[in-house]
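Below is one structure; the comments refer to it alone.
The values are calculated or read from the model by the stated rules, or taken from the named source; none is laboratory data. Given the structure is predicted, the values throughout are model-derived calculations rather than measurements. All Cβ positions, glycine included, derive from the backbone under ideal geometry; neighbour counts span all protein chains shown.
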Amino acid sequence: MAEVAPLSPTPSKPPLAPVKKGPRGEVIIFATWCKGCRICVELCPTDVLAMGPDEETPRIVAPEKCTACHFCDTHCPDLALVVKRLD
């Protein structure tokens with residue numbers, strides 16, 4: 001019978017970086033530039049922005065959920081939004 005080599009110990013994994021809690025971005029709305037097209041509200045994957053049926057501009061309803069994905073500001077036809085990445 002052939003001799004089987006012992007299993008080598010599992011290499012230790014490096015520690016994972018801590019998960020950052022809280023917002024990763026800050027949304028700034030320039031209401032005077034906004035035409036109320038709602039594109040930003042529809043594209044936001046975390047529902048940071050909302051707009052009621054009688055409102056003319058979006059409002060920030062959940063700033064803590066912003067991931068700084070830039071979907072809202074890169075698709076705004078009027079450049080009425082800016083997302084600042086928080087470090």
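Within the range 41-77, the set of residues being part of a helix (DSSP H, G or I) and either without any contact (Cβ under 8 Å) to a residue 12 or more places away in the chain or more than 21 Å from residue 22 (Cβ to Cβ) (or both) comprises 41, 42, 43, 74, 75.
Considering only the range 44-87, state which residues are surrounded by 15 or more Cβ atoms within 10 Å (Cβ to Cβ) and of a type in the set (D, E, K, R). Matches in the range 44-87: 65, 73. For the structure I just gave you, tell me whether residue 32 is of a type in the set (Val, Ile, Thr), part of a loop (DSSP other than H, G, I, E, B) and at pLDDT below 95. Answer is no for this residue.
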